[in-house]
Amino acid sequence: MTQICYSKSQRYTDLDTIYEQCSGPGGLRLSDFLAQKMGLRPGSRLLDVGCNRGIQTCFLAKEYGIDIIAIDPWSDRMQGDLMVEHLRSNAESWGVSNRVLGQKIGVPHTNFASHSFDFVHSTTALEMVRGLNGEEGYLDCLREIHRVLRPGGIFGLGEPMHLDSPLPEDLEPYVSHGDFPWKECFRDIKSTTADVERAGFIILESGYAPDAWSWWMEFAKHDPFCKKEPDGDPKTLEVDNGRWTSFGYVIAQKIE
Ligand SMILES: C[S@@+](CC[C@H](N)C(=O)[O-])C[C@H]1O[C@@H](n2cnc3c(N)ncnc32)[C@H](O)[C@@H]1O
């Protein structure tokens, strides 16, 4: 198992800014974690699925020297601007415009040619598709990711998940409401890994991230929506207190 040292992300210390430019636990440390697990190599071509405002995309392009196409179909909830427009302006300020290209599309309908990418990175995005379109919708996304990877290519998935334990009764109401109820979106690592296998991948490594809970705590403290709505996700996490909510990852390879 790879030893993770966060060597590239540890110098980005302004967590308020980082969490303003992404939308989920882990921020740049999550992408650093996945990048090392995936073995990103300079000069490779990566697809970032669900890039949001693109700060992780820019970080990967700059610190790992890779070329990235980043996709996101939505607009932001604050000003209503396209996520890929935020990505473009972030890429300018990070000095990686020559390495990053955004497209307003989503999985499973990408229209990229098969075998286009060496790597696919996706964090805190596909579980939302599961919430909207169910398990088959989630599997369709994984199959599309498999299709666009070249043989030998690597997929790094980072996703909010729940631990392999029953949902505590007192937590149930907190994870059952809203547009994306966590109860509908989150699965445990075993079931997620099985889905990735069903899409045709072989699994290189999977597990719960060792820093999962501290990423969630960071998110509760620094995410702009959490700051505005302390009775939302921060309250859920407070009630949970580490009993159910976690964050998992799957590193998988396309063989043919
Ligand atoms: C919660 S954000 C996470 C962003 C970022 N990767 C992170 O880890 O902070 C999820 C993003 O997935 C995007 N998304 C939703 N449906 C998608 C789809 N079908 N394909 C790709 N991205 C999608 C949303 O627009 C949103 O920006």
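Derivation of every value follows stated rules applied to the coordinates shown; laboratory data play no part. For clarity, every value in this text was computed on a predicted model and none was experimentally measured. As a convention, Cβ positions derive from the backbone with ideal geometry for all residues, glycine included, and neighbour counts pool all protein chains shown.
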Could you check how many residues of region 194-215 are touching a residue at least 24 places away in the same chain (Cβ under 8 Å), more than 28 Å from ASP140 (Cβ to Cβ) and in a helix (DSSP H, G or I)? 1
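Just to be sure I understand, how many residues within region 33-51 are within 11 Å of the ligand (Cβ to nearest atom), in contact (Cβ under 8 Å) with a residue 60 or more places away in the chain and part of a loop (DSSP other than H, G, I, E, B)?
1
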Evaluate the following for SER122: is it of a type in the set (S, T, N, Q) and either assigned to a strand (DSSP E or B) or crowded, with 20+ Cβ neighbours inside 10 Å (or both)? yes
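So, in region 1-60, of the ones that are β-branched (Val, Ile, Thr) and under 21 Å from ARG150 (Cα atoms), which residue ends up surrounded by the fewest Cβ atoms within 10 Å (Cβ to Cβ)?
Restricting to residues being β-branched (Val, Ile, Thr) and under 21 Å from ARG150 (Cα atoms), the top hit is VAL49.
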Is it the case that VAL239 is surrounded by 13 or more Cβ atoms within 10 Å (Cβ to Cβ) and part of a helix (DSSP H, G or I)? yes
Looking at ILE4, ILE69 in this structure, which one is part of a loop (DSSP other than H, G, I, E, B) and aliphatic (A, V, I, L, M)? ILE4
Could you tell me whether ASN111 is within 26 Å of GLN10 (Cβ to Cβ) and not charged (D, E, K, R)? no
Those residues that are within 15 Å of the ligand (Cβ to nearest atom), more than 18 Å from ASP67 (Cβ to Cβ) and more than 18 Å from the chain's Cα centre (by Cα), I need them from region 84-108; list them, please. GLU85
Residue satisfying condition, being in contact (Cβ under 8 Å) with a residue 40 or more places away in the chain and aliphatic (A, V, I, L, M), within set LEU82, LEU30, LEU87: LEU30
Matching residues, region 96-114, being out of contact with any Lys or Arg (no Cβ under 7 Å at 6 or more places or on another chain) and either among the polar types (S, T, N, Q) or on the phi > 0 side of the Ramachandran plot (or both): SER97, ASN98, GLN103, THR110, ASN111
Scanning for something touching a residue at least 40 places away in the same chain (Cβ under 8 Å), outside any strand (DSSP E or B) and touching a strand residue (DSSP E or B) at 6+ places or on another chain (Cβ under 7 Å), does region 7-25 turn up at least one residue? yes
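This table checks each residue for (1) surrounded by fewer than 20 Cβ atoms within 10 Å (Cβ to Cβ); (2) small (Gly, Ala, Ser); (3) under 17 Å from the mean Cα position of the chain (by Cα); (4) assigned to a helix (DSSP H, G or I).
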position	(1), (2), (3), (4)
GLY156	no, yes, yes, no
GLU159	no, no, yes, no
ALA252	no, yes, yes, no
ILE255	yes, no, no, no
Only one of GLY102, GLY106, GLY131 is touching a residue at least 40 places away in the same chain (Cβ under 8 Å) and part of a loop (DSSP other than H, G, I, E, B), namely GLY106
Out of ASP140, ASP81, ASP72, ASP76, sole residue that is under 14 Å from the mean Cα position of the chain (by Cα), within 14 Å of the ligand (Cβ to nearest atom) and of a type outside the set (A, V, I, L, M): ASP72
Quick count over region 61-85, residues being under 20 Å from LEU30 (Cα atoms) and surrounded by 16 or more Cβ atoms within 10 Å (Cβ to Cβ), is 12
